[in-house]
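Below you'll find the structure, written out as structure tokens, and then a few comments.
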Protein chains: 4
Amino acid sequence: MSGSSIGVLFRVTTWGESHGRAIGVVIEGCPPRISLSESDIQEGLDRRRPGQGLSVSPRREEDVVQILSGIFEGKTTGTPISLIIKNRDARSEAYDEVRDVFRPGHGDFTYYHKYGVRDHRGGGRASGRETVARVAAGAIAGRIIGREGIYITAYTKELGGIVAERISYEDIDENYIRCPDSNAALKMEGRLEEAKNSGDSIGGVVEILVRGCPSGLGEPVFDKIDADLAKALVSIGTVKGVEIGAGFQAARMSGSECNDPITPDGFLTNNAGGILAGITNGDEIVIRVACKPISSVEKEQRTVDVYGKPVSISIKGRHDVSVIPRIIPVCEAMVSIVLADHLLRQKVLQVTTK
Amino acid sequence: MSGSSIGVLFRVTTWGESHGRAIGVVIEGCPPRISLSESDIQEGLDRRRPGQGLSVSPRREEDVVQILSGIFEGKTTGTPISLIIKNRDARSEAYDEVRDVFRPGHGDFTYYHKYGVRDHRGGGRASGRETVARVAAGAIAGRIIGREGIYITAYTKELGGIVAERISYEDIDENYIRCPDSNAALKMEGRLEEAKNSGDSIGGVVEILVRGCPSGLGEPVFDKIDADLAKALVSIGTVKGVEIGAGFQAARMSGSECNDPITPDGFLTNNAGGILAGITNGDEIVIRVACKPISSVEKEQRTVDVYGKPVSISIKGRHDVSVIPRIIPVCEAMVSIVLADHLLRQKVLQVTTK
Amino acid sequence: MSGSSIGVLFRVTTWGESHGRAIGVVIEGCPPRISLSESDIQEGLDRRRPGQGLSVSPRREEDVVQILSGIFEGKTTGTPISLIIKNRDARSEAYDEVRDVFRPGHGDFTYYHKYGVRDHRGGGRASGRETVARVAAGAIAGRIIGREGIYITAYTKELGGIVAERISYEDIDENYIRCPDSNAALKMEGRLEEAKNSGDSIGGVVEILVRGCPSGLGEPVFDKIDADLAKALVSIGTVKGVEIGAGFQAARMSGSECNDPITPDGFLTNNAGGILAGITNGDEIVIRVACKPISSVEKEQRTVDVYGKPVSISIKGRHDVSVIPRIIPVCEAMVSIVLADHLLRQKVLQVTTK
Amino acid sequence: MSGSSIGVLFRVTTWGESHGRAIGVVIEGCPPRISLSESDIQEGLDRRRPGQGLSVSPRREEDVVQILSGIFEGKTTGTPISLIIKNRDARSEAYDEVRDVFRPGHGDFTYYHKYGVRDHRGGGRASGRETVARVAAGAIAGRIIGREGIYITAYTKELGGIVAERISYEDIDENYIRCPDSNAALKMEGRLEEAKNSGDSIGGVVEILVRGCPSGLGEPVFDKIDADLAKALVSIGTVKGVEIGAGFQAARMSGSECNDPITPDGFLTNNAGGILAGITNGDEIVIRVACKPISSVEKEQRTVDVYGKPVSISIKGRHDVSVIPRIIPVCEAMVSIVLADHLLRQKVLQVTTK
């Protein structure tokens, strides 16, 4: 198993390297008779595209998705959906100077040790470019959960140490950082500029909210929905931590503080983040992920080459200063995929217990 | 899929309810010809057992494991290993008074909404008792990784807001909290006592270190080893957050700070927590999990019954004040299981590429 | 993966060796709120039990099933069902004389070469005794498909070269061979006697009919329902061939003969055996399996021991003359398991396309 | 799960409809550093292509494979290999007249009842065209097993009732039917001509031999290698039966006849077909599959339309008279895929037990 598949009933398999011919994804288990067009998927890809604002790389990726199977007369057929996004701007020569050098913080070192193959062209399979396939699959997952009234919103909770103090949904679309606090957004822009000027990069925290999720999603023991969400989100290269509801703060609470009192009108608080014993409780799902700063920085760093010789490296290229905001649609996609899968799993139960 | 299985090549399936006849686990994929006896597994169970110190429930669980299959003449045969632990002290009458009430923070509410079945006897499948099967399976996983020189140490990093300021391996076994800082341990004991006296509970943070792990474990994209570790750990009922290496702190660093410089002698720092692009880099693996406070508290709480009527509840029973330290062997078991699985997956690669 | 699991949504994992402590099975994915008692399962085991008529071994297996989990107050809970059958008559000394000899036709030779372990006690995991776990799981699968009006009947179509010329359902229960043609049954009994007297064994053909199966079960491409049935049936140790509908006879037909004409009242013929393009068409499912003669015979045979030395062997023990009729409930169980799995898979589709 | 994936460690997922944009396949688990070019794969596709001799459709499918990922500098990288074959000659108008009619023997009826979608264009996902993806994947599987000295030969054992009386490897390539008996081949050609002239089709039997297979491949209980081979072969749309070794003939033998005597030099006979208790014994693997006659015939047949009205149909189109010989590379591909998967599974065992 190469580890490129996720999901049980809604199953997503991605393929493709950053500088190969194309990136793609096969989606198995999408129910039939759902309307779906290329433009539905394209919309998600466009949100992930670079070129919006300062934080992002000037490299121009015109990602155009093509549906190759699984759709007939504008509707899903129930058979595998194959999506392809061609790699247009694949100038792998740009990577020639790092051909034999392990870039710090990247997968170069570990892939080489795992496979004995050195694909220096921008990270190969480990490249952030692989996430374009996730976003494409997420658009289809989004259709499945959207039909049930489940909606996902993700935004920048923290960037370069600056924290959004308030969550105003209206603010999110008002700034390219997708921060729900316009004041904080301004400061974050400043931090991005600083980092750019110093040839460095910064990290941040993305918060993801799921509204309208029915209770009952998630399976006992290992396939708890928070466990599957944690896996899906940590599988994004940049993520170094994940927390649900009160998260690490829960570790500092007492039981009487942390337990969410239940009333006939619902839960009074939401420290559980909408999940109890691994199963959704009908409340809002709340998750946060810690994104490390981008590893490719201009600042000189110590490393070694494939022969073990110490070298110094300064990565020039066209790189983002932060994965935020481009990582946000990727987080949304992963959450959509997990929810679609568990929604289908829960459907089996419902129909069989009638 | 009921969600009770984990792993691809080393596959663990647990079964059993807290107050049923027994708890058990089937392990598929254990290599043949490994020496294994019941006492090897019993040792792990004894560490998980309550009755050690103040923090733990006076309930006496004498968990005795029996091997039912997969061993012949003291060695594994390569076929499924079935382990069973009988439930001895299953006085479900103790739960009669909560028969129709959803305990806050527990899975009662969500299981009822998922299955339409109310098994009030101590949480049924959602009970912490299920973890006895994990620990038993973890003992076998531990044998597999131990043969390769991989060792896991877990300890209490934080309890009730008190943080271990230093990591002294010798201290871990000196206090029943398994805290690597004896001074902090004393204060933690005080916090436990306070919580007990006030009829409340407290949470904490467990840190897990893996030493001796070779580079190359983990698969690209979705089955990254940190993703699989996150899933395995968040699948423990009490865990609300997980972080690898610098974790959430990485989100506040710059790239030049966060990247671990590589030298001919290895990495200079370990913000990556031993994992780069989802694959182990040969350095120590570092993970932390946030454990929420135990949900069963004597303090009165607001809730509803199965008919939706508001009620007030005070859970007397024999409950721990904190999942720490009993959760520590469970964390170790889950990490062992994930590592054993990925070790076998990596072995396939090694043998096929020769 | 040790290969001991089958099914996607209704998943069966068996464990146990013929002369270990017990045989068992874990069933995942059984819907909640189905009435189920030990006696429901016991009934199936009793039909598989030896001691009925001449063909079967005088060895007395009193297989008593115990439910260890997944049932609460007489109903399934939706969590894994664990069943255990203790091995009572496990006199492994009886096998001492074949300790170092590979019995022809048995798995001794291949298991030894695969695992490097020699478990001589009656076949270990490869023993026919493992099928007791399949029959137990099949009883639960039978409950799931029975609720939908699906019924399975299997019988002896051929034994020792004698063919049932007619299919009379009433006759099946009239003879211990479970042959639907009483005249043929008499001759078959004669053949069994002959074989027994000559210290030999005989093979036969079992035919399985499924009535009441709705159209739409089965998945395109690889998980066709006939493909999954073929796998499930060939996984029974004794089976060397399987055919659906006209089977090998279809290879001798012309297209215009073989195609089943469709009318408003259904199909005029059933050469397809109820399956078109891997999906049930609502007609009766018809399958036949070829069972080889039992490998343990008293007649002397040439073989080698574990050191490669040629030896001659005459297996005395208490062995059946034919796997028929005891294999019949095993065939029914495997078909039930596959149908239950595909029924659940089809349910997902139905509920999601509404 | 849409059922479009097969294999555990070597995993093949196909996608695409007969008249969509393309057909493709993703292969996960191929070991790294294996030389692989498009022409290696193309060779297999060319053998499957129509246009060779009388038996085959005049429709010209110029199947050209493209590798989209998983290969770098002419070698596999260990990451998913994505292959695509564009559909060039997709004149779906040819199917307009059967738009609303269920063709007898085809999947039209069952797909419609399963999905509620009618894709009339030549069978959609159920079309034989899907097998092009299997052959492409089989070429890669073939590289893996070829490195271990395992070779597969398949040929026409029987066609339209005419049986190959002898197996002469040299003869196979001498006739387009791939019959190992040139005399029989001549008669088979006659039968094909007859069938063509009468607007009908014929079926046949393909025999597959595997030489050089080491002992030890296959897993106990459900994932026996013969069980997995049976599934893989029955998953080919045209196959209605499968037998291993003596197959159905074994059901008519006595144990002393059927058991293959073991000598220091190997087995004296091969009724087992190279497989004992589901594990290869080092002898030649022998399998036969029954292929039904092609369902599309010019002869008039009775059927109904989607509204349930009885109609009569005569399928003109450009259809083969028999799936033989084109199905032969498909059978080889499926056997290759199963063997590659089990070879990798056995490798895990070998490396871990050292």
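Of B:ILE202, B:LEU36, B:SER127, which is farthest on the positive side of the dipole of chain B, counting Cα position, with +1 on Lys and Arg Cβ, -1 on Asp and Glu Cβ, and the Cα centre as origin?
Value computed over the given set: B:SER127.
Just to confirm the numbers: D:ARG33, label point 7 angstrom along the Cα-Cβ line, distances to the other copies in nm, shortest first?
Nearest first, the other copies' label points are 2.4, 5.3, 5.7 nm away.
Work out which helices of chain C, taken as complete DSSP H runs, extend at least 18 Å along their axis over the Cα atoms and score a mean Kyte-Doolittle of 0.5 or more, then list them.
Once both thresholds are applied, what remains is C:131-146, C:327-353.
Please compute the net charge surrounding D:ASP223, taking Lys and Arg as +1 and Asp and Glu as -1 over other residues with Cβ under 9 Å from its Cβ.
Every neighbour counted, the sum reads +1.
Going out from 0 in 5 Å bins, what whole percent of all Cα-Cα distances in the stretch A:98-251 drops into each bin?
With a bin width of 5 Å, the distribution comes to 2, 7, 12, 15, 18, 17, 14, 9, 5, 1, 0.
Using per-residue counts of other Cβ atoms within 10 Å, averaged over each peptide, order A:236-242, B:257-263 from highest down.
Those peptides, ordered most packed to least, come out A:236-242, B:257-263.
Just to be sure I understand: if I project the alpha-carbon convex hull of the protein assembly as shown onto a plane and average over all orientations, what area do I get in nm²?
That works out to 47.9 nm², a quarter of the Cα hull's surface.
Across peptide A:264-270, how many C-beta atoms of other chains are within 10 Å of each residue C-beta, on average?
Counting Cβ atoms of other protein chains within 10 Å of each residue's Cβ and averaging gives 2.
Return the average number of partner chain Cβ atoms within 10 angstrom of each residue Cβ along peptide D:151-159.
1
So, in Å, what gap is there between the alpha-carbon centers of the stretch B:262-310 and the stretch A:276-354?
Computed from Cα coordinates, the inter-centre distance equals 16 Å.
Report the relative contact order of the stretch C:95-244, percent, no decimals, based on alpha-carbon pairs under 8 angstrom and at least 6 residues apart.
Answer for the stretch C:95-244 is 19 percent.
Once you put a point 7 Å from the Cα of C:ARG211 and another 7 Å from the Cα of A:GLN350, both along the Cβ direction, what distance in nm separates them?
Inter-label distance under the simple model: 3.6 nm.
Restricting to Cα pairs below 8 Å that are 6+ residues apart, what does the relative contact order work out to for the stretch B:5-353? Please round to a whole percent.
For the stretch B:5-353, the relative contact order is 22 percent.
Going from the alpha-carbon gyration tensor of the stretch D:5-353, what semi-axes, largest first and in whole Å, does one get by taking the root of 5 times each eigenvalue?
Square roots of five times the eigenvalues give 34, 26, 19 Å.
Return the distance in nm (one decimal) between the two label points of a simple spin-label model at A:ASP265 and A:SER168, each offset 7 Å from Cα along Cα→Cβ.
2.6 nm
As a check on your grasp of the helix formula, calculate [θ] at 222 nm for chain D: sum -39500 (n - 2.57) over DSSP H runs of n ≥ 4, divide by the residue count, round to the nearest 500.
Dividing the helical sum by the residues of chain D leaves -8500 deg cm²/dmol.
By the gyration tensor of its Cα atoms, with a ≥ b ≥ c the square roots of the eigenvalues, what is the shape of the stretch B:233-330: rounded for a/c under 1.5, prolate for a/b over b/c, or oblate?
Cα axes put the stretch B:233-330 in the prolate bin.
Largest first and to the nearest Å, give the Cα extent of the stretch D:154-243 along each principal axis.
48, 29, 17
On a straight-distance basis, which lysines could pair with B:LYS187 in a cross-link, Cα separation under 21 angstrom, same-chain partners fewer than 8 positions away excluded?
B:LYS157, B:LYS196, B:LYS292
Given points 7 Å out from each Cα along the Cα-Cβ axis, report the B:ARG147 to A:VAL306 separation in nanometres with one decimal.
3.3 nm
Within a 10 angstrom radius of each residue's Cβ in C:296-306, how many Cβ atoms of other chains show up on average? Whole number is fine.
4
Could you compute the net charge surrounding C:VAL163? Neighbours are other residues with a C-beta less than 12 Å from the C-beta of C:VAL163; K and R count +1, D and E count -1.
Overall, the nearby charge balance is +2.
Taken together, the values in this text are just the output of simple stated rules run on the coordinates, not laboratory data. All values derive from a computational prediction rather than experimental measurement. Cβ sites come from the backbone with ideal geometry, for glycine too, and all protein chains shown count toward neighbours.
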